[in-house]
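Each reported figure results from applying straightforward, stated rules to the coordinates on display, with no laboratory input. Please read these numbers as outputs of a predicted model, since none were measured by experiment. Note that each Cβ is placed from the backbone with ideal geometry, even for glycine, and that neighbours are counted across all protein chains shown.
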Amino acid sequence: MTRLFSAAWAVLLICPAAFPQNAVPPAAPAKSVAASTHSPEIGQFQAIEDKWSQADNKHDQFGLELVLSPLLVNVAENGDVTTRNQQVAQVITNNDKLYFLSQKVIAVRMLGDVAVVSGTYLLRHRVNEKPVTDKGVFTHVYQRQRGGWMCINAQRTLVSENAGSRNGHEKDSKSSNASFHVPFLGRGDKNTQ
């Protein structure tokens, strides 16, 4: 009888732990707030990117300061890391008459007071007195500040084929064995035999 009483007592003690009275149902997965190609967010951030491009193209310090946060960290396609003040100084001192920047927003992810904007860019400029057109992708992170949006982080990645020729390392496109590679995961083109 003592065993039966002990077993019943153990079941009563375990049951509340297995079926809590105030159990909170699991939270629904967070909705991805990625804007579609026709969303108002795309239009809103395209207007901001246009202001950025126009300020760059017109060497407009004030226009650039309205878009770039004082906290900006900018990573250029060549790996240079600059601040907002350095970006503004580059725009003011740029005397390249060919210089032209155009940015196109492709996607926007809204995360409260932060927005991650992805897109493509085209940059015409001179390198060693030769005209060059760079094409690439960008990711800009914006934070809502003072009733507007300001860029706090920017990264550009060059994706055009003439990237190697710009540095004097022109590659023969026929002999190129380019493949997508994720670091630390190995190369997909290796033969395992």
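With a 10 Å Cβ neighbour count serving as the proxy for reagent exposure, in which order, fewest first, do PHE62, PHE45, PHE138, PHE100 appear?
PHE62, PHE100, PHE138, PHE45
Got a sec? Charge dipole of segment 40-163, +1 on Cβ for Lys and Arg, -1 for Asp and Glu; which of ASN74, SER102, PHE138 is way out at the positive end?
SER102
How would ILE106, ILE152 line up from fewest to most surrounding beta-carbon atoms within 10 angstrom?
ILE106, ILE152
Order by neighbour count: ARG124, ARG156, fewest other Cβ atoms within 10 Å first, most last.
ARG124, ARG156
For VAL73 and VAL159, calculate 0.36 nm times their separation in residues minus their Cα-Cα distance, and state this gained length in nm to one decimal.
28.8 nm
What nm distance separates the two modelled labels at GLN44 and THR82, each placed 7 Å from Cα along Cα→Cβ?
2.8 nm
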